[in-house]
1. Where does the chain land at 222 nm, in deg cm²/dmol rounded to the nearest 500, when only DSSP H runs of n ≥ 4 count, each adding -39500 (n - 2.57), divided by all residues?
2. P(r) for the chain: what percent of alpha-carbon pairs falls in each 10 Å bin, starting at zero?
3. In sequence order, what are the phi-derived ³J(HN,Hα) couplings for segment 145-152 according to the Karplus relation 6.51 cos²θ - 1.76 cosθ + 1.60 with θ = phi - 60°, rounded to whole Hz, with x for glycine and proline?
4. Which helices of the chain meet both criteria: a Cα extent of 24 Å or more along the helical axis and a mean Kyte-Doolittle score no lower than -1.0, with helices taken as whole DSSP H segments?
5. Neighbouring Cβ atoms within 10 Å as the yardstick, rank Met106, Met203 fewest first.
6. Can you sort Arg188, Arg298 from fewest to most other Cβ atoms within 10 Å of each residue's own Cβ?
7. Give the separation of the Cα centroids, segment 80-134 to segment 231-275, in Å.
8. Near the amide H of Thr227, under 5 Å away, which other amide H atoms are found, from residues 5 or more places off or on another chain, if H is placed in the peptide plane?
Amino acid sequence: MNVTTSSRRVLVTGGAGFIGSHLCELLLAQGETVCVADNLSTGRATNLHAARDHARLRVITGDCAQTLEALSRAGEVFDEVYHLAAAVGVKLVVERPIECIETNVMQTAAVLRFALKCGPEGRGARALIASSSEVYGKSAKVPFAEDDDVTYGPTSKARWSYAASKAIDEYLALAHHQQSGLHAVVVRFFNTVGPRQVGDYGMVLPSFVRAALAGEPLKVYGDGQQTRCFCDVRDVVGALPVLLRTPGCEGRVFNVGGERSISIAELAELVIKTLGSRSQVQRVPYERAYAAGFEDLRQRQPDLTRLRAAIGFAPAVPLDRTITDIAAHIAAHNASHLGGHNSASLVGQAAGKREDRP
């Protein structure tokens with residue numbers, strides 16, 4: 001999936017975030033000039049530490065809509081826009097639904113309007129809009145295909161507001177393509193994982209890894225038999241420029257993720273085994289973790305037929321490597337909070353086990 005580039009000017013909203021920072025590093029490696037717009041509400045400046053002094057990287061910190069207005073007034077021109085800025089995580093959605101709804105819908109509307117007029121020679125820029133597997137809602141059909149019907153819970157359950165807001169984002173992007181001719185591509189991420197991801201907003205794998213390194217219980221919500229498909233962020237970001245630049249992908253929606261299902265209980269055990277941790281698994285009722293009546297999907301698996309047909313997508317990073325890489329990142333950046341010597345030792349042991357494998 002190598003992409004030949006010719007020094008494009010690229011805007012990445014949410015570029016200091018987990019996925020965004022990995023995408024920025026890839027784009028810089030491809031020779032692009034990258035401008036990051038991020039308010040650092042969930043992103044971190046340290047995520048761009050490795051590229052912060054890069055001559056082709058500019059970082060603008062502040063409100064996304066205001067940044068776009070300033071760029072527009074200055075007559076800035078971009079060939080591509082990757083809109084990754086969003087309110088993310090189940091915990092954040094449940095606790096601050098207003099922020100999530102307004103952030104997701106209003107920012108996306110602003111980005112699409114900006115993309116329409118910021119391209120070279122008065123043309124629109126190519127725009128990639130990040131969506132989520134949450135859009136599928138309570139669908140019982142597995143695996144999830146892009147043209148499947150979706151079903152949400154009642155509006156009285158804030159848990160579904162994130163799904164609805166991302167669905168609106170998709171409607172907006174596809175409408176701009178249909179009505180205005182904007183070259184827009186929508187991607188639905190399925191449980192993207194890897195270094196720099198944090199567990200603060202309900203992300204399960206970094207939460208498990210952090211607990212395992214600290215020798216604390218790994219908290220599995222419900223019965224733990226709900227299944228997910230995880231895909232390493234480095235595989236995911238590699239697909240994004242290819243989708244945006246491949247003829248025929250515009251005006252379409254693509255699932256992006258892995259296909260191997262694993263239950264959350266099995267994931268917890270895999271983390272403990274991979275890191276050689278002495279932690280135990282602790283079952284926690286959903287009602288204690290979130291709120292009474294919380295609904296979770298039993299299965300979430302993408303159908304990648306469309307993605308493979310379009311760009312030949314084939315994830316290459318195994319889950320145990322992702323786990324050890326997350327652990328190494330946590331140990332390196334938070335050693336003082338994790339009991340650094342012990343956590344670093346666990347990471348070293350896990351890496352040694354992995355290298356011994358054929």
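1. -13000 deg cm²/dmol
2. Pairs per bin, as whole percents: 5, 24, 34, 25, 10, 1, 0.
3. In residue order, the calculated couplings are 10, 4, 9, 5, 5, 10, 9, 10 Hz.
4. On the way: long enough: 97-117 (31 Å, 0.58); 161-180 (28 Å, -0.41).
Flagged H segments are 97-117, 161-180.
5. Numbers: Met106 13, Met203 19.
Fewest-to-most Cβ neighbours within 10 Å comes out as Met106, Met203.
6. Working: Arg188 22, Arg298 13.
Going from sparsest to densest Cβ surroundings: Arg298, Arg188.
7. 20 Å
8. Gln299, Arg300
Coordinate-derived values only; no laboratory data. All values reported here derive from a predicted model rather than from experimental measurement. Every residue, glycine as well, gets a Cβ built from its backbone with ideal geometry; the counts of neighbours run over all protein chains shown.
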